[in-house]
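Engineer: The structure under discussion is supplied below as structure tokens; questions concerning it will follow.
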Amino acid sequence: MPQKQRLAPLFSPSRDQARQFFIDAWRKHRAREVVSPLEDAAIRLVTQHPEYHGLLEDSETALAREWTPESGEANPFLHLSLHLAVEEQLSIDQPPGLRAAFEALLVRRGDRHDALHDVLECLGETMWRAQKSQ
């Protein structure tokens, strides 16, 4: 009997699975292949970050490289994952009021991507504090 392929948990992928998701989505986009709605959302985010295109096209480096706070370089996969999380939260207005707060921020900033980066900084800081205090 053939072995069943184990699927990664939807909400807790490993580091390499999360990275591979973005790498595969970008590869499919470049090859003009059919993508899932989640891959489409990831592709839209990647197109806004041309500085990550080369990395995503070099999967060996992308999977092996470490980004640490000490290096002073932002982890592109964390950045894209936070973007994806914020887009999802905005789409369902979770927590309640997030969408209205974002719309007000958007008016102040005048640029959606800049406003998103403000939210990402806030989310990243919250995650860092939660991880630090366990």
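Engineer: Applying a 10 Å radius around every beta-carbon, put 66-72, 114-120 in order of their mean neighbour count, most first.
Structural biologist: 114-120, 66-72
Engineer: Relative contact order (percent) for region 63-134, with alpha-carbon contacts under 8 angstrom and 6 or more residues of separation?
Structural biologist: Reported relative contact order: 25 percent.
Engineer: What shape does region 37-98 have by the C-alpha gyration tensor, where a ≥ b ≥ c are the square roots of the eigenvalues, rounded means a/c under 1.5, and otherwise prolate means a/b greater than b/c and oblate the rest?
Structural biologist: Oblate is the answer for region 37-98, as a/c is 1.5 or above yet b/c matches or exceeds a/b.
Engineer: Once you keep just the Cα pairs under 8 angstrom separated by 6 or more residues, what percentage relative contact order results for the chain?
Structural biologist: Once normalised by length, the contact order is 17 percent.
Engineer: Now, a different point. Give me the percent of the accessible area of region 5-134 that comes from carbon and sulfur atoms, probe 1.4 Å, all protein chains in place.
Structural biologist: The nonpolar share, carbon plus sulfur, comes to 54 percent.
Engineer: Also: Could you give the length gained on full extension between Trp128 and Glu87, defined as 0.36 nm per residue of separation minus the Cα-Cα distance, in nm?
Structural biologist: Between Trp128 and Glu87, full extension yields an extra 12.8 nm.
Engineer: Here is a further query. If you roll a 1.4 Å probe over the heavy atoms of the protein chains, what accessible area per residue do you get for the chain, in Å²?
Structural biologist: 71 Å²
Engineer: PRE reach from Asp16 (point 7 Å along Cα→Cβ): which of region 62-84 fall under 12 Å by backbone N?
Structural biologist: Within reach of a label on Asp16: 63-65.
Engineer: Next up: Only helical DSSP H runs with n ≥ 4 go in: add -39500 (n - 2.57) per run for the chain, normalise by residue count and round the 222 nm mean residue ellipticity to 500 deg cm²/dmol.
Structural biologist: The helix contribution divided over the chain gives -20500 deg cm²/dmol.
Engineer: Among Glu51, Glu39, Glu73, which one moves the most in a GNM of the chain with springs linking Cα atoms closer than 10 Å?
Structural biologist: Glu73
The values are calculated or read from the model by the stated rules, or taken from the named source; none is laboratory data. Owing to the predicted nature of the structure, the values given are computational and were not obtained by experimental measurement. Note that we place each Cβ from the backbone using ideal geometry, even for glycine, and neighbour counts take in every protein chain shown. Heads up: the accessible areas ignore ligands, DNA and RNA and are worked out on the full protein's heavy atoms, side chains in. Shrake-Rupley method; radii C 1.70, N 1.55, O 1.52, S 1.80 Å.
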